[in-house]
Every structure is written in C-alpha cells, then in structure tokens.
Amino acid sequence: MGFPLLAAQVPFFIDLHSTNSTNSVATDLVPLPAYSAIVSMNQTSGRGRLGRTWLAEPGNSLALSIALPRQQTNQEIVPLLVGLAALRAVRGVGVSHAELKWPNDILVKGQKISGVLCEMLPTGTVIAGIGLNLRFADERPVARATSLAEQVADSDGLADSWASLLLAELRTLVASPAHEAHRAVQANVATINRPIEVDDFGGHRWAGTAEDVDSQGRLIVTRFDGESVLLAAGDVHHLYQ
Ligand code: BT5
C-alpha cells in the first residue's frame, strides 16, 4: 500500500517500512519544510500523551507525523486543530458519527479510533502525530478501541484517503483567522455541554459539566459543586455515553 494522494500534497514525504515512532523520526529530521509528512504502517513504540503508549499492530495501524509551520497564529489551539482535522478526515472516509473528545481523541460511540500527540520542540516547531486504527487482526489494543474497518468497508486506499483529507483540513484550519479556527473547534468538540469526569494533573478525579472551549483551547468546566474550572490539560471522560 502506498500513499500517492498524501505524497502529492506535501513538500517532503517518507514512508517508513518500520520505525519506533514517526514523531521521533520527524523530530530528528527537523528542520523540515512545513507540512512534511512521515508515515509508517509498522510503528513499534508509539507514544501517547503524558508518557502513555499508543499500541499498533504491524500493517493494521497508520502512524502519521506532520511538521507544522513555525509562524502561525493559532499556536495555542493547534492540538485541537489537529484533532479537528483528524475528525473531519475520519468523517470524510465515511464514519459520519465520529466525535471529537477534548482535547483530541476521535471516538466512535465512545470507542477510540484515532489519537493525537502534538510535541513542541525547543526550536518552536510543532510535530503533530496522529495514530489511526485501520483494522484489528486479533484483539483490540484496549477495550474501548475501534478501527476504520469496523465502521466502513476496508479498502487499500483508505489510509491514504484519510491522511490526505487530514492534511488538507489541517492546512486550512492552521491558516484560518484565529476566531474562525476557535469557532470551528467550539462547533465540533463533542465534550461541550456534556457531563464529564476529569482526571486532572494533580491526580484528582472530579465531575462537572463542560461548558465551552476558550480561545486558548482550554476546557471551561462547571464542577458539580458549583466551582468553575479552566482545564488546560488532563483527561476527560464523557459520562452517560
Ligand atoms: C494518544 O495519547 O492518543 C496519542 C496517540 C498518538 C499516536 C501517534 S502515531 C504517530 C505519532 N508517533 C508517535 O509515537 N505517536 C504519534 P493519549 O491520549 O495519551 O492516549 C493513550 C491511551 O490510548 C493509552 O494509554 C491507551 O489507553 C489508549 N490506546 C493505546 N493504543 C490505542 C489504540 N491503538 N486505539 C485506541 N486506544 C489506544
């Protein structure tokens, strides 16, 4: 399987037969032209956020890393824009009921199909890494996971279609005026107006209602005890999925 659609729209492209992490490879290659893309269908040590792991079976999962342009207006909400681009691409290949959970998980009926890890390098370059489950040969990597093949008819070109849609959406979102990018995020984060449970950085778990996402990408939550909280990082779980 190749990636002709993706390769045609980026300035620099590598398809690695096998790698520990496409984000690590991209980091080592910086400086890279903006929107350079590194992909692999066999990523052996995928990284998640907060030191967690992204699990992938050889041949059944796509790892994509994109070097983002350094000078752009939407720096603070870039991870959300990457999630939104991944969401639109998942919908674009036919999974119309996919949702974006703050900050950037793509879920289908509460099961994760795609995850995003954005890493800011000391030079200011941001490497956006996106993992997509294409199919599961055997067991699910985690209980609440799903794959494209469980949602739409599997086909050879699916990963390339998804990646090229994502790239096009991401370029548009990153280049759009800040208020438009923010509005697009607000309109698409399914966490807004939902009761949620939060695992915050302090190691605490509490519950509340997600009210909105502010212009810096923070989740505005009203705790069930009435306190208003601005969440810059952490994990949320949608209650009553
Ligand atoms: C993420 O972290 O979801 C970010 C995943 C980013 C992976 C891409 S692949 C290309 C690039 N190169 C890398 O090395 N990484 C990026 P987080 O939100 O922390 O979620 C991680 C959690 O998701 C794990 O602790 C598991 O619970 C769950 N998980 C792991 N693998 C999964 C999978 N294949 N499908 C669904 N859930 C998974």
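The values are calculated or read from the model by the stated rules, or taken from the named source; none is laboratory data. These numbers come from a predicted model, not from an experiment. A quick note on method: Cβ atoms are made from the backbone with ideal geometry, for glycine too, and the neighbour counts reach across all protein chains shown.
Among the residues of region 44-54, what is the count of those that are in a loop (DSSP other than H, G, I, E, B) and of a type in the set (Ser, Thr, Tyr)? Qualifying residue count for the region: 2.
Among the residues of region 213-226, those identified as out of contact with any Ser or Thr (no Cβ under 8 Å at 6 or more places or on another chain) and loosely packed, with under 14 Cβ neighbours inside 10 Å are Gln216, Arg223, Asp225, Gly226.
Taking region 1-43 as the range and being over 12 Å from Leu64 (Cβ atoms), among the polar types (S, T, N, Q) and in a helix (DSSP H, G or I) as the test, the residues that pass are Ser24, Thr27.
Within region 139-169, being more than 9 Å from the ligand (Cβ to nearest atom) and not aliphatic (A, V, I, L, M) holds for Glu139, Glu150, Gln151, Asp154, Ser155, Asp156, Gly157, Asp160, Ser161, Trp162, Ser164, Glu169. Would you pick out the residues in region 55-76 that are surrounded by 15 or more Cβ atoms within 10 Å (Cβ to Cβ) and either assigned to a strand (DSSP E or B) or more than 10 Å from the ligand (Cβ to nearest atom) (or both)? If the condition is that a residue be surrounded by 15 or more Cβ atoms within 10 Å (Cβ to Cβ) and either assigned to a strand (DSSP E or B) or more than 10 Å from the ligand (Cβ to nearest atom) (or both), then Ser61, Leu62, Ala63, Leu64, Ser65, Ile66, Ala67, Leu68, Gln72, Asn74, Gln75, Glu76 are the ones that fit. Residues of region 173-198 that are of a type outside the set (A, V, I, L, M) and under 19 Å from the mean Cα position of the chain (by Cα): Ser176, His182, Arg183, Gln186, Asn188, Thr191.
Provide a single number: the residues in region 1-54 that are crowded, with 16+ Cβ neighbours inside 10 Å and touching a residue at least 60 places away in the same chain (Cβ under 8 Å). Summing the residues that are crowded, with 16+ Cβ neighbours inside 10 Å and touching a residue at least 60 places away in the same chain (Cβ under 8 Å) in region 1-54 gives 19.
Candidates Leu80, Leu84: the one that is touching a Pro at 6+ places or on another chain (Cβ under 7 Å) and either among the basic types (Lys, Arg) or surrounded by 15 or more Cβ atoms within 10 Å (Cβ to Cβ) (or both) is Leu80. Assessment of region 18-28 against the conditions (touching a helix residue (DSSP H, G or I) at 6+ places or on another chain (Cβ under 9 Å) and either more than 9 Å from the ligand (Cβ to nearest atom) or of a type in the set (Lys, Arg) (or both)) yields no matching residue. Kindly indicate the residue of region 95-138 that is polar (S, T, N, Q) and more than 13 Å from the ligand (Cβ to nearest atom) and also surrounded by the most Cβ atoms within 10 Å (Cβ to Cβ) among those meeting that condition. Per the stated criteria, the residue is Thr125.
Here is a yes/no grid of residues against (1) modelled with pLDDT under 95; (2) in contact with a Cys (Cβ under 9 Å, 6 or more places away or on another chain):
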site	(1), (2)
Glu119	no, no
Ala128	no, yes
Arg135	no, no
Leu148	no, no
Ser155	yes, no
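Is it true that some residue in region 204-212 is of a type outside the set (A, V, I, L, M, F, W, C) and closer than 30 Å to Arg70 by Cα? Among the residues of region 204-212, at least one is of a type outside the set (A, V, I, L, M, F, W, C) and closer than 30 Å to Arg70 by Cα, which makes the answer yes. Within region 77-96, can one find any residue that is basic (Lys, Arg), modelled with pLDDT of 95 or more, assigned to a helix (DSSP H, G or I) and at negative phi? Scanning region 77-96, I find at least one residue that is basic (Lys, Arg), modelled with pLDDT of 95 or more, assigned to a helix (DSSP H, G or I) and at negative phi, so the answer is yes.
All conditions but one from (1) closer than 20 Å to Glu150 by Cβ; (2) more than 12 Å from the ligand (Cβ to nearest atom) apply to Ala86; the one that does not is (2).
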